[in-house]
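Just so you know, all these numbers are worked out from the coordinates, no wet-lab data involved. Everything numeric here is computed off the predicted structure, so don't read it as measured data. As a convention, Cβ positions derive from the backbone with ideal geometry for all residues, glycine included, and neighbour counts pool all protein chains shown.
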Amino acid sequence: MRKQSKNKGIIKHKNELKFKRFQDEIGIHFHEEKLLKQAFTHSSYVNEHRRKPYEDNERLEFLGDAVLELTVSQFLYKKYPMMSEGELTKLRAAIVCEPSLVKFSTEMKFGELILLGKGEEMTGGRERPALLADVFEAFIGAVYLDQGLDTVVSILEKVVYPKINVGAFSHVMDYKSQLQELVQRGSAGMIEYSILEESGPAHNRQFISRVSLNNDELGVGNGRSKKEAEQQAAQKALEKLKQKLDA
């Protein structure tokens, strides 16, 4: 009995060190560390520790889902002033969907921090996509309650927003249509795309595309297909035109 109690004490101490190290790594120290631990506590862990007042992360997940949707919506609204409501909704859905949340969670090494019941642990729960996605939302909810919205945004600026900026979700965006719409709206002339360069072996081709307006270069992009390169060129062109409009 004493040995079992000692083992539990060792495990608890290890968990405490993990959460402390994690806070040091992200540069955020919780006022209420209980919230942080709750964000990583799965219901299976609570079920195995009924005598202690543990709370699972499901309510924090609910809150984090709403906070994440708000902050991502605000970022997209400001970044893409020419994008329609439908396009914004489609892009946001791609960013906050389960596969994306799993990537964010994995990048932050959340799997190492999750508190699981023995059964869930043995069946690979620590790497289960749905569980990792839920933990990311719960963490965002915990940060919001403990630190406020600005700190949530500071985390997303490191983990989520850079991926949007480099076109990680460009497969759901149509920059060419947005550029065409903007140019037509201003009756500015004709847009033309041209491939400047093709390189690499057949299984890994790289294309560089240029988009021009009345023979004046607006943007250059690259990609693994002509379409991807043209989309990136159109994105650069939109950013360039937006800067002119804001000036």
Practice problem: Please report L213, L68 as a ranked list, fewest other C-beta atoms within 10 angstrom at the top and most at the bottom. | Solution: L213, L68
Quiz item: Any idea what the dipole of the chain comes to, in debye rounded to 20, about its Cα centre with Lys/Arg Cβ at +1 and Asp/Glu Cβ at -1?
Solution: 1080 debye
Quiz item: Tell me, what is the FRET efficiency for L245 and E58 to the nearest 0.05, using R0 = 45 angstrom and their Cβ-Cβ distance as r?
Solution: 0.50
Quiz item: Where does the chain land on Rg/Rh, using Cα atoms and the Kirkwood Rh?
Solution: 1.11
Quiz item: Using a Förster distance of 35 Å, how high is the FRET efficiency between I28 and T89, based on the Cβ-Cβ distance and rounded to 0.05?
Solution: 0.70
Quiz prompt | Helix-only CD estimate at 222 nm, as mean residue ellipticity for the chain, using -39500 (n - 2.57) per DSSP H run (n ≥ 4) | solution = -19500 deg cm²/dmol
Self-check item: Two-decimal log10 I(q)/I(0) for region 32-134, as the Debye equation yields it once each C-alpha is a single scatterer, q = 0.19 Å⁻¹
Solution: -0.95
Quiz item: For region 37-83, with only Lys/Arg (+1) and Asp/Glu (-1) charged at the beta-carbon, what is the dipole magnitude about the Cα centre, in debye rounded to 20?
Solution: 180 debye
Quiz item: Comparing G124, G223, G148, which has the greatest mean-square fluctuation in the GNM of the chain with Cα pairs linked when under 10 Å apart?
Solution: G124
Quiz prompt | Choice from L88, L70, L196 with maximal GNM fluctuation in the chain (Cα, 10 Å cutoff) | solution = L196
Quiz item: With charges only on Cβ, +1 for K and R and -1 for D and E, what is the dipole size of region 174-246 about its Cα centre, in debye, rounded to 20?
Solution: 120 debye
Quiz item: Nearest 10 degrees, 0 to 90: what angle lies between the long axis of helix 175-185 and the longest principal axis of the chain (Cα atoms)?
Solution: 50 degrees
Quiz prompt | Residue order, fewest to most surrounding Cβ atoms within 10 angstrom, among L63, L113, L149 | solution = L149, L63, L113
Practice problem: Report relative contact order for region 53-176 in percent, whole number only (criteria: Cα-Cα under 8 Å, sequence separation at least 6). | Solution: 39 percent
Self-check item: Extension gain, H203 back to Q74 (0.36 nm per residue minus Cα-Cα distance, nm)
Solution: 42.6 nm
Quiz item: Against the longest alpha carbon principal axis of the chain, how many degrees, from 0 to 90 and to the nearest 10, is the axis of helix 98-107 turned?
Solution: 70 degrees
Quiz item: In degrees between 0 and 90, to the nearest 10, how far off the longest principal axis of the chain does helix 129-147 point, with axes built from Cα atoms?
Solution: 80 degrees
